[in-house]
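**Student:** First the structure, then my questions, so here it is.
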Amino acid sequence: MAEGRGNDYILECEGLSKSFGGTKALQDVELHIRRGEVHALVGENGAGKSTLMKAIIGLHKADSGTILFEGQPYKVNGPAEAIKKGITMIHQELNPEPHLTVAENIFLHNEDMNGIFLNKKETNRKAVQILERFNFHISPTMLVGDLTLAQAQMIEIMKAVNTNAKLVIMDEPTSSLDNDETQRLFETIHQLKEQGVSVVYISHRMEEIFSICDTVSVFRDGRFIDCKPISEVTEQSLISMMVGREVGNVYPEKNCPIGDVVFKVEGLTGKGFSDISFEVRSGEILGLTGLAGAGRSETMRAIFGLDPLESGHIYLEGKEIRNRNVKQAIRNGIAMVNEDRRKYGLCLYRSINENISLPNLPVHQKGLLLNKAREKTENKKYADMLTVKAASLDADAISLSGGNQQKVVLAKWLMSNPKVLILDEPTRGVDVGAKSEIYNLMCEFAKQGLAIIMISSELPEVMAMSDRLLVYHEGRINGELFQEDIRSGKVTQETILAKEFGN
């Protein structure tokens, strides 16, 4: 029987390997988590982090190796058994029950029963207590399907914390959260530490890792690279270990001419926003930031024809246009990459080829039929342009890493030859290497004359990539900031945060 390292460690993994067909997802990896610590797992998409966590909670069965939990051999046949033993996981790609209420989701598989019936009154009462603990002001009887992505993510976090776990695995927990919600999550993590609960924290956001974590383990290409106290590493040394080489500045130098006004809106009002006016020029990246629910995404959804506009005017190249639906928006030269690519951007169980083709079928038509040869040639051209890494274009989109999925979404919209490209959280859940590639692509698109609107909750990202920055507060624009003032230090993260909170 395997022996543990002692009472200091709650989880010990040794020699774990896992293959899927001919692909080695994990190769003889190790991981040691101390009690009451926040342990970061970092690595590029495909490095093996999520595969290892899924092996721990029983979604995958390791081909070889041992796992000890609290010093004892550990084996489970699924997440439900893992939860009973004291391990729970918040997945990056959320899987809530949309037709259940907030309270029912929080207490799913942990319900208060009155005989054979659910005690809804008691469930709602306890849910209110948890919602208040997180300072989260929504009704426990709301359907989760009616929540925003950020709200649904907070519910998943509450659900995990509510299981009284001894080890909580968080996979990109802040990917849809604004700065205020992220701080609330960090407060919860501190509370868990004080209670002796361990947290495994998987994130591509370096500032979070250095802010909240005690220890960091690095993975690359399915292998364990190193484990160090966070105090002994720098952001640059972590990135170098992750990618296996020295990496320069993640953000490229954007050096392209900004031309005439291409896109302009006046007095846009709709659900979640009011009296929004701005313009974007050829070659310009306009950044939008603000707290979750401030109206950024809501404005862009209305512009793209996903939601109705109550009033206002939209102009493209000086001519007023109306986008009553997405089809009209595409015809008018507007493309939008949604923040939730798996829900709105991709058909996960369709091929890369089909995903790129979907909005562009008229381009591939030959009379009434689809010109397959032209389709394949054009799709390959755009996949190559965006360096989509896949075995072939016939591979299903679900088989790709987050970064490559995002590139497929970009490819399909670029093929539509847009004049305005809206990017809502373009690097959400994407590793540092893929982020750098996406930033470079954005600069290339700008050089080609596209007018780009980028929504981002990551202040370092939106500050580095934007020529101008609009700050939203409660459905209105509360400030316009310029890149030259950011570079000079006149505008800081604190300046932007103050405007996000209405100052």
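**Student:** Using Cα positions and a limit of under 24 Å, work out the lysines in reach of residue 54, with same-chain residues fewer than 8 apart set aside.
**Tutor:** 18, 24, 75, 84, 85, 159, 166, 193, 228, 343, 389
**Student:** Please list, or write none, the aspartates and glutamates whose alpha carbon is within less than 16 Å of the alpha carbon of residue 126, excluding same-chain residues fewer than 8 places away.
**Tutor:** Within the straight-line limit of under 16 Å, residue 126 reaches these aspartates and glutamates: 104, 111, 112, 156.
**Student:** Still on this structure, please answer the following. Find the centroid of the Cα atoms in segment 234-295 and in segment 38-85, then give the distance between the two in whole Å.
**Tutor:** Their Cα centres are 36 Å away from one another.
**Student:** What does the extension gain come out to for residue 485 and residue 64, with contour length at 0.36 nm per residue minus their alpha carbon separation?
**Tutor:** On the way: separation 421, 0.36 × 421 = 151.56 nm, distance 5.49 nm.
Stretched out fully, the residue 485 to residue 64 stretch lengthens by 146.1 nm.
**Student:** I've got another one for you. Calculated from the structure, mean projected area of the Cα convex hull in nm² equals which of [x] 26.0; [y] 21.1; [z] 23.9?
**Tutor:** Label of the calculated value: [x].
**Student:** Moving to a separate point now. In what sequence, highest mean first, do 346-353, 309-316 appear when ranked by Cβ atoms within 10 angstrom?
**Tutor:** Details: 346-353: 17.8, 309-316: 16.1.
The densest-packed peptide leads the list: 346-353, 309-316.
**Student:** Here's something else I'd like to know. Residue separation times 0.36 nm, minus the C-alpha to C-alpha distance between residue 395 and residue 77: what's the value?
**Tutor:** Details: separation 318, 0.36 × 318 = 114.48 nm, distance 2.90 nm.
Net length gain for the segment: 111.6 nm.
**Student:** What's the extension gain from residue 324 to residue 108 if we count 0.36 nm per residue and subtract their Cα-Cα distance? Intermediate values should be presented prior to the final figure.
**Tutor:** Numbers: separation 216, 0.36 × 216 = 77.76 nm, distance 3.91 nm.
73.8 nm is the gain from fully extending residue 324 to residue 108.
**Student:** What does the highest-first list of 373-383, 420-430 look like by mean Cβ count within 10 Å?
**Tutor:** Working: 373-383: 16.5, 420-430: 24.7.
The peptides rank, most packed first, as 420-430, 373-383.
**Student:** Moving on to the next point. For residue 118, what is the net charge nearby, where nearby means another residue's Cβ is under 11 Å from its Cβ and Lys, Arg count +1, Asp, Glu -1?
**Tutor:** Working: positive: 120, 121; negative: 104, 111, 112, 122.
Result for the local shell: -2.
**Student:** Nearest 20 debye, what's the magnitude of the dipole of segment 224-366 about its Cα centre given +1 on Lys and Arg Cβ and -1 on Asp and Glu Cβ? Don't skip to the end; give the middle numbers.
**Tutor:** Values: 18 positive and 18 negative charges, 153 e Å.
The dipole magnitude comes to about 740 debye.
**Student:** Using only alpha carbon pairs under 8 Å that are at least six residues apart, calculate the relative contact order of the chain and give it in whole percent.
**Tutor:** Values: 985 pairs, mean separation 77.1, N = 503.
This gives 15 percent for the chain.
**Student:** Report for the chain the percent antiparallel among DSSP-assigned beta bridges with both residues inside it, nearest 5.
**Tutor:** Values: 47 of 81 bridges.
For the chain, the DSSP antiparallel bridge percentage is about 60.
**Student:** Sort 195-201, 486-492 by packing, meaning the average of other beta carbons within 10 Å per residue, with the highest value first. Present the calculation step by step, with values, prior to reporting the outcome.
**Tutor:** Working: 195-201: 20.0, 486-492: 12.9.
Highest to lowest by the protection proxy: 195-201, 486-492.
**Student:** Taking R0 as 56 Å, what FRET efficiency do you get between residue 373 and residue 122 from their Cβ-Cβ distance, rounded to the nearest 0.05? Show your work: numbers first, answer last.
**Tutor:** Details: r = 64 Å, r/R0 = 1.13.
It comes out at approximately 0.30.
**Student:** Which of the lysines could a cross-linker bridge to residue 372, judged by Cα under 18 Å and excluding same-chain residues fewer than eight apart?
**Tutor:** 380, 381, 412
**Student:** Based solely on its DSSP helices, what 222 nm [θ] is calculated for the chain when runs of n ≥ 4 H residues each add -39,500 (n - 2.57) and the sum is averaged over all residues, nearest 500 deg cm²/dmol?
**Tutor:** On the way: 18 runs with 168 residues, N = 503.
Only helices count here, giving -9500 deg cm²/dmol.
We did not get these values from a lab; they are worked out from the coordinates using the rules stated. No experiment lies behind these values; they were computed from the predicted model shown. Glycine also receives a Cβ, built like all others from the backbone with ideal geometry; neighbour counts cover every protein chain displayed.
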